[in-house]
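S.K.: After the structure tokens below, expect a handful of questions from me.
The values are calculated or read from the model by the stated rules, or taken from the named source; none is laboratory data. Remember, predicted model here, so these are calculated numbers, not experimental data. As a convention, Cβ positions derive from the backbone with ideal geometry for all residues, glycine included, and neighbour counts pool all protein chains shown. Quick note on the areas: whole protein, heavy atoms, side chains included, nothing else; ligands and nucleic acids left out. Shrake-Rupley method; radii C 1.70, N 1.55, O 1.52, S 1.80 Å.
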Amino acid sequence: QTIREMKGAMGKLMMNPSQLLTSIPPPPNELGNIFGGLLSGQNDPKEVVEMIKSRERAQQCTTYLRRAFPSIYHVMITKRDVHMASMLREHCSDGKVVAVVGMAHVEGIEREWEELDAKNK
């Protein structure tokens with residue numbers, strides 16, 4: 001289902017590629033330097049992964065993705081955060097959970113977890 005939704009989101013973006021290119025906001029300088037270096041071959045992909053492995057950097061990436069490509073962000077991040085938080089809550093109802101998730105999902109899962117707590121009170 002995620003793949004189908006992602007294709008739909010990408011299809012909408014590609015309907016007008018010239019407008020897409022002019023409407024994408026530039027990334028923050030730090031991200032531009034990291035990913036620009038990757039695309040130009042100056043940064044090794046393994047080094048780039050290490051550079052974005054902090055919670056702060058992951059948050060910068062997801063914030064930019066949400067701003068630049070909201071429909072893709074919704075499918076790749078928001079919907080998956082909601083699903084993972086719901087599944088964790090369902091299978092770990094005592095509230096104590098250890099889960100291994102991608103850094104881009106930590107903030108969203110925490111937010112969804114808190115919303116589920118608020119609904120259950």
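S.K.: Please determine, by comparing only the residues of the range 69-97 that are among the acidic types (Asp, Glu) and assigned to a helix (DSSP H, G or I), which one is nearest to Arg4 (Cα to Cα). Write out each step before concluding.
M.R.: Taking the range 69-97 as the starting set, the residues that turn out to be among the acidic types (Asp, Glu) are 81, 90, 94.
Those left that are additionally assigned to a helix (DSSP H, G or I): 81, 90.
On the way: Asp81: 17, Glu90: 25 Å.
Only one residue tops the list, namely Asp81.
S.K.: Here's a follow-up. In the range 79-103, what residues are open to solvent by 50 Å² or more (accessible area, probe 1.4 Å), of a type in the set (Lys, Arg) and free of Cβ contacts under 8 Å to residues at least 40 places away in the same chain?
M.R.: Lys96
S.K.: Collect the residues in the range 32-58 that are in contact with a helix residue (DSSP H, G or I) (Cβ under 6 Å, 6 or more places away or on another chain) and assigned to a helix (DSSP H, G or I), keeping them in residue-number order.
M.R.: Ile34, Leu38, Val48, Met51, Ala58, listed by residue number.
S.K.: Please work out if Val106 is outside any helix (DSSP H, G or I) and either out of contact with any Cys (no Cβ under 6 Å at 6 or more places or on another chain) or in contact (Cβ under 8 Å) with a residue 60 or more places away in the chain (or both).
M.R.: no
S.K.: If you go through the range 71-78 one residue at a time, do you hit one that is without any contact (Cβ under 8 Å) to a residue 40 or more places away in the chain, of a type outside the set (Lys, Arg) and open to solvent by 50 Å² or more (accessible area, probe 1.4 Å)? Working first, answer last.
M.R.: Here is the first cut: in the range 71-78, the ones without any contact (Cβ under 8 Å) to a residue 40 or more places away in the chain are 73, 77-78.
Filter once more, keeping what is of a type outside the set (Lys, Arg): 73, 77-78.
Next cut, open to solvent by 50 Å² or more (accessible area, probe 1.4 Å) only: none.
Within the range 71-78, not a single residue is without any contact (Cβ under 8 Å) to a residue 40 or more places away in the chain, of a type outside the set (Lys, Arg) and open to solvent by 50 Å² or more (accessible area, probe 1.4 Å).
S.K.: Give me a count of the residues in the range 31-47 that are exposed (fewer than 15 other Cβ atoms within 10 Å of the Cβ) and more than 15 Å from Arg67 (Cβ to Cβ).
M.R.: Of the residues in the range 31-47, 10 are exposed (fewer than 15 other Cβ atoms within 10 Å of the Cβ) and more than 15 Å from Arg67 (Cβ to Cβ).
S.K.: Working carefully through the options Pro25, Pro17, find the one that is surrounded by fewer than 10 Cβ atoms within 10 Å (Cβ to Cβ) and modelled with pLDDT under 80.
M.R.: Pro17
S.K.: Same structure, new question: Take the residues of the range 44-82 that are under 27 Å from Ser23 (Cα atoms) and of a type in the set (S, T, N, Q): which is modelled with the highest pLDDT?
M.R.: Checked the range 44-82; the qualifying residue modelled with the highest pLDDT is Thr78.
Here's the yes/no breakdown for (1) within 14 Å of the chain's Cα centre (by Cα); (2) under 25 Å from Val106 (Cβ atoms):
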position	(1), (2)
Met14	no, no
Ser18	no, no
Pro25	no, yes
Pro28	no, yes
Gly36	no, no
Lys53	yes, yes
